[in-house]
Amino acid sequence: EAGVVQSPRYKIIEKKQPVAFWCNPISGHNTLYWYLQNLGQGPELLIRYENEEAVDDSQLPKDRFSAERLKGVDSTLKIQPAELGDSAVYLCASSSRGGGYNEQFFGPGTRLTVL
Amino acid sequence: SQKIEQNSEALNIQEGKTATLTCNYTNYSPAYLQWYRQDPGRGPVFLLLIRENEKEKRKERLKVTFDTTLKQSLFHITASQPADSATYLCALGGGSQGNLIFGKGTKLSVKP
């Protein structure tokens, strides 16, 4: 069975440009997470979806970040406009249910470099 | 605010020895704790989960303990191998949102 798929794996953009990341979770997983990971740090939650509903987006910088999970399957995270400080790895994860007792399955991440 | 500390950024040990990694936390009462392994350029991979009412959990060469009085979890890898070299992350959960809070991780290097 395929794991969590993310694309692209790498992205280099100029500051002020828009960028989008795509994630396809494991089939049947209702809960989807987007994390940000800076070098030498642990993942930090940006947003959590239960099916198509964003149940926790308290850490998402809503002035420039947006996310959607139409039809409750794959998801897109967008940054517009990107800033230098957005350079990081963006991880997508999924689990069969939310609530945290369940293990999370992570994708390989998208490494974003903003110049 | 909630704080998670993993004892060191890096730990170097000799093959065959037991690696012990520490995860301490403050201002939090997690219902459970998870440990993940992360290799360079890859996403974290789940290893073990331990609940607040469990003292110890084992899986093959891995052992996790959870002391809610000390607010500490210890992660042990026995008979360590060079293939165990990776960054290990602890993550606390059980808050109102049910999300995980990750530590910074400890980079383990096992020398042959």
Practice item. Provide the solvent-accessible area of A:Asp63, counting protein heavy atoms only and rolling a 1.4 Å probe, rounded to the nearest 10 Å². Key: 120 Å²
**Study point:** Solvent-accessible area, 1.4 Å probe, carbon plus sulfur percent, for region B:3-74
**Key:** 45 percent
**Study point:** Alpha carbon centroid spacing (whole Å) that separates region A:50-115 from region B:13-29
**Key:** 29 Å
Point to revise | Cleavage-rule hits (trypsin sites (Lys or Arg not before Pro)) in region A:23-92: DSSP loop, at most 16 neighbouring Cβ within 10 angstrom | key: A:Lys62, A:Arg64
Point to revise | Under 12 Å, Cβ to Cβ, from A:Gln104 - net charge with Lys/Arg +1 and Asp/Glu -1 | key: +1
Check your understanding: When the Karplus curve 6.51 cos²θ - 1.76 cosθ + 1.60 is applied with θ = phi - 60°, which whole-Hz ³J(HN,Hα) does each residue of region B:61-71 get, with x for Gly and Pro?
Key -> 8, 9, 9, 10, 10, 9, 10, 6, 6, 7, 6
Revision key, fill the gap. Note, region B:27-43: 3J(HN,Hα) by Karplus (6.51, -1.76, 1.60, θ = phi - 60°), whole Hz, Gly/Pro = x, goes 6, 7, 10, x, 7, 7, 9, 10, 10, 10, 10, 10, 9, x, x, 10, x
Review point. Within a Cβ distance under 13 Å of B:Leu49, other residues only, what is the Lys/Arg minus Asp/Glu net charge?
Key: 0
Study note, to complete from the structure: Expressed as a whole-number percentage, the relative contact order of chain A with C-alpha contacts under 8 angstrom and at least six residues apart is 37 percent
Revision key, fill the gap. FRET efficiency (A:Lys71, B:Leu62; Cβ distance; R0 30 Å; to 0.05) is 0.20
**Study point:** At most 12 other Cβ within 10 Å, DSSP loop - GluC sites (Glu not before Pro), region A:60-115
**Key:** A:Glu83
Review point. What ratio of Cα Rg to 2.2 N^0.38 Å holds for chain B?
Key: 1.02
Check your understanding: In region B:1-105, which GluC sites (Glu not before Pro) are in a loop and have at most 10 other Cβ atoms within 10 Å, using DSSP for the loop call?
Key -> B:Glu60
Review point. With every protein chain present, what is the per residue accessible area of region A:27-66 (1.4 Å probe, Å²)?
Key: 48 Å²
Exercise for review: Evaluate the distance, in nm, between pseudo-label points positioned 7 Å from the Cα of A:Glu52 and of B:Glu15 along their respective Cα→Cβ axes.
Suggested key: 5.4 nm
Check your understanding: Over all Cα pairs of chain A, how is the pair count split among 5 Å bins, expressed in % and running from 0 up to the last occupied bin?
Key -> 2, 13, 24, 26, 19, 10, 4, 1
Study note, to complete from the structure: Quick calc: nm separation of the 7 Å Cα→Cβ label points for A:Lys78 and B:Ala31 -> 3.5 nm
**Study point:** Whole-Å semi-axes of the ellipsoid equivalent to the protein assembly as shown (Cα gyration tensor, √5λ, descending)
**Key:** 30, 20, 16
Check your understanding: Tell me: how much accessible area in total is hidden between A and B, 1.4 Å probe, Å², nearest 100?
Key -> 1600 Å²
Practice item. Between beta-carbons, use under 10 Å as the cut-off and find the net charge around B:Tyr32, counting Lys and Arg +1, Asp and Glu -1. Key: -1
Check your understanding: How big is the accessible area of A:Tyr101 in square angstrom, nearest 10, if you roll a 1.4 angstrom probe over the protein chains?
Key -> 100 Å²
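The values are calculated or read from the model by the stated rules, or taken from the named source; none is laboratory data. It should be emphasised that the depicted structure is a prediction, and the values quoted were computed from it without experimental measurement. Here Cβ is always computed from backbone atoms with ideal geometry, including for glycine, and neighbour counts include all displayed protein chains. With ligands, DNA and RNA removed, areas are computed over all heavy atoms of the protein, side chains included. Shrake-Rupley method; radii C 1.70, N 1.55, O 1.52, S 1.80 Å.
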